[in-house]
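Down below is the structure, laid out as structure tokens.
The values are calculated or read from the model by the stated rules, or taken from the named source; none is laboratory data. Fair warning: this is a prediction, and the values are worked out from it, not measured in the lab. For neighbour counting, all protein chains shown are included, and Cβ atoms are generated from backbone atoms with ideal geometry for every residue, glycine included.
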Amino acid sequence: MIYTLKDYKKNYKNIFDADVCIIGSGAGGAVAAYELAAIGYSVVVVEEGGYLTTKDYDGKPLNNMKTMWRQAGSTISFGIPPISIPTGKCVGGTTAINSATCFRTPEHIITQWKKNFKVDIDYKSLEPYFERVENIINVTELPWDVLGNCAKIVKRGADALGLHCKPLKHNVKNCKGCGTCQFGCVEGAKQSAEVSYIPLALQYNTSLLTHCRAEKIHFKGMKADSVECKVYNEKGESVASCTIKAKIIVCACGTMITPLLLKKSGIKNKHLAKHLQIHPCSRVVALMEEEVNGWVGVSQGAYIDDYVDEGIMLEGIFVHPSILAASLPGVGREFFELTKQFSHIAAFGVMVHDTSEGIIFGNMHTSFSWYMMNTKDIQTLKNGIAYLAQIFMAAGAKKIFTPISTFPVISCQDDIEKLKQTYLMRSQIPEVFAFHPLGTCRMGGDSDCGVVNSYGKCFNTDNLYVADGSIVPTSLGVNPQITIMALSTRIAGHIAEQLSK
Ligand SMILES: Cc1cc2nc3c(=O)[nH]c(=O)nc-3n(C[C@H](O)[C@H](O)[C@H](O)COP(=O)(O)OP(=O)(O)OC[C@H]3O[C@@H](n4cnc5c(N)ncnc54)[C@H](O)[C@@H]3O)c2cc1C
């Protein structure tokens with residue numbers, strides 16, 4: 001059953017009992033809910049956001065950001081540069097607003113977890129979980145025509161330079177490439193959690209409590225006993241309260257909130273809310289001779305991994321014109337002339353496999369983060385921008401626009417060489433984003449290394465688990481949803497074993 005605002009008894013404590021209470025319905029929570037419900041356990045999923053579907057999407061980013069993105073997308077980290085770190089607040093969590101790109105966890109990353117944090121997982125043992133997730137969310141390779149012209153242009157430039165531009169895999173069914181992935185897929189093609197895992201879970205004994213925010217987990221000794229929640233209406237007013245009693249409690253609120261909920265609930269660990277890694281990203285925009293119509297096609301179509309050893313992944317990103325246009329340089333007539341040529345604009349992204357770390361602070365109502373990019377990561381980001389500029393140049397770009405304040409426009413090879421030689425200051429790259437926060441409740445072999453064990457169980461508790469991006473010990477160098485979903489499937493299997501004892 002799905003509880004919407006009208007289903008709660010107002011001004012009254014709604015009491016639920018279940019085998020498992022899962023807090024959060026995103027990549028981690030939705031998977032755990034289905035896996036446990038499907039084998040016969042009763043599940044209550046608590047989700048702060050509403051349940052939105054294609055009928056709620058109008059393809060206009062600024063409308064859907066208000067309903068699907070936490071704080072309408074205005075979540076940033078403190079530091080220089082400040083970095084926008086958006087997350088989803090709706091059923092499906094951030095999967096509902098993501099770009100549907102799918103990568104398995106790189107094997108060498110899992111090996112590092114074992115070596116550095118005594119995480120008891122190896123790539124081989126994760127393979128069946130990857131396969132299960134990929135089947136359920138239909139990971140597939142789309143034809144170049146659906147991937148759009150930006151991908152084709154970057155491939156042309158990459159080919160000319162002897163680089164390898166490859167199509168990304170996406171979790172979609174019948175995707176025609178409408179390009180609205182991050183604002184609610186208007187085609188209903190993206191197999192995000194609210195389209196795939198949540199409906200599957202609801203076929204079994206699952207109650208989904210929407211608009212319901214977990215405020216605190218209560219303990220009896222080491223045993224997590226119940227979750228105290230409040231129901232909020234669209235105006236943010238508290239209209240009811242709920243208590244969920246469960247044998248097992250799974251926290252899946254995402255990397256930015258789970259550590260705060262754990263802290264508020266009394267969990268103490270020196271790694272809690274630390275080691276935030278985010279994959280800082282930026283973009284390069286190019287003015288082409290040819291017509292591009294970059295908004296046609298999936299917004300993240302292709303990638304180039306020739307520079308992964310330097311910590312650089314080049315991945316497509318063409319965001320909606322209403323957002324991308326705002327990042328074009330110039331004012332007045334100059335800006336107007338450029339926007340008139342918008343159909344000739346191509347864009348692509350740069351993602352850094354970060355070595356910097358940040359922290360989370362504040363409270364659950366207002367989560368803050370502090371993340372200062374170290375000089376190595378700043379230079380890596382700059383190098384990625386220079387490589388991408390080179391690729392656009394090889395593809396025949398007339399002008400290239402970078403987010404670097406000292407190199408706003410690149411129009412010749414000489415500019416690219418100068419950019420490559422430049423030592424970049426933090427303050428010279430104001431336009432940085434991050435979409436993959438990870439690590440703030442990291443897995444480890446013991447409580448000296450991490451907050452949870454290799455099955456997501458919180459140290460020094462009997463039955464509190466974490467199954468979301470926060471347990472991923474380090475950044476991955478690739479997009480994380482498949483990693484989070486595979487780990488959550490594995491955690492659910494372990495919980496089922498515990499319940500059966
Ligand atoms: C714009 C964008 C594009 C992205 N593109 C990709 C991509 O192409 N490929 C990829 O692999 N990854 C992508 N990601 C990242 C990926 O979607 C996330 O890493 C992943 O969804 C995180 O999963 P999670 O379970 O940790 O958290 P989430 O999916 O964020 O789920 C957490 C859920 O918990 C809920 N919640 C939080 N606090 C509470 C509370 N107190 N009570 C109740 N509910 C609560 C939230 O509302 C949310 O629904 C993208 C992210 C963004 C922002």
If I ask for residues that are out of contact with any Phe, Trp or Tyr (no Cβ under 6 Å at 6 or more places or on another chain) and β-branched (V, I, T), which ones from the stretch 24-63 would you list? I39, V43, V45, V46, T53, T54
Determine if the stretch 22-34 includes at least one residue that is touching a residue at least 24 places away in the same chain (Cβ under 8 Å), surrounded by fewer than 23 Cβ atoms within 10 Å (Cβ to Cβ) and either within 25 Å of E187 (Cα to Cα) or among the aliphatic types (A, V, I, L, M) (or both). no
Whether any residue in the stretch 84-103 is in contact (Cβ under 8 Å) with a residue 24 or more places away in the chain and either over 29 Å from A201 (Cβ atoms) or over 20 Å from the mean Cα position of the chain (by Cα) (or both) is what I want to check. yes
Considering (1) in contact with a strand residue (DSSP E or B) (Cβ under 6 Å, 6 or more places away or on another chain); (2) more than 8 Å from the ligand (Cβ to nearest atom); (3) in a helix (DSSP H, G or I), say which one F16 fails and leave the rest. (3)
What tally of residues in the stretch 201-239 results from selecting those that are more than 13 Å from the ligand (Cβ to nearest atom), aliphatic (A, V, I, L, M) and modelled with pLDDT of 95 or more? 4
Just to verify a result, which residue in the stretch 2-20, among those that are more than 30 Å from the chain's Cα centre (by Cα) and of a type in the set (S, T, N, Q), is nearest to C251 (Cα to Cα)? N14
State all residues of the stretch 284-304 that are surrounded by fewer than 21 Cβ atoms within 10 Å (Cβ to Cβ) and either part of a loop (DSSP other than H, G, I, E, B) or not assigned by TED's automatic domain parsing to the domain that holds M393 (or both); if no residue qualifies, say none. E289, E290, E291, N293, V296
Single match in E194, E187 (criterion: at pLDDT below 95, under 25 Å from the mean Cα position of the chain (by Cα) and either part of a loop (DSSP other than H, G, I, E, B) or not acidic (D, E) (or both)): E187
Can you pull out every residue in the stretch 374-426 that is closer than 25 Å to H275 by Cβ and among the small types (G, A, S)? G384
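A quick yes/no check of all residues on (1) part of a loop (DSSP other than H, G, I, E, B); (2) over 20 Å from the mean Cα position of the chain (by Cα); (3) surrounded by fewer than 24 Cβ atoms within 10 Å (Cβ to Cβ):
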| residue | (1), (2), (3) |
| --- | --- |
| K115 | no, yes, yes |
| D120 | yes, yes, yes |
| L126 | no, yes, yes |
| E134 | no, no, yes |
| T140 | no, no, yes |
| K155 | no, yes, yes |
Scanning the stretch 53-85 residue by residue, those among the hydrophobic types (A, V, I, L, M, F, W, C) and within 11 Å of the ligand (Cβ to nearest atom) turn out to be M65, M68, W69, I85
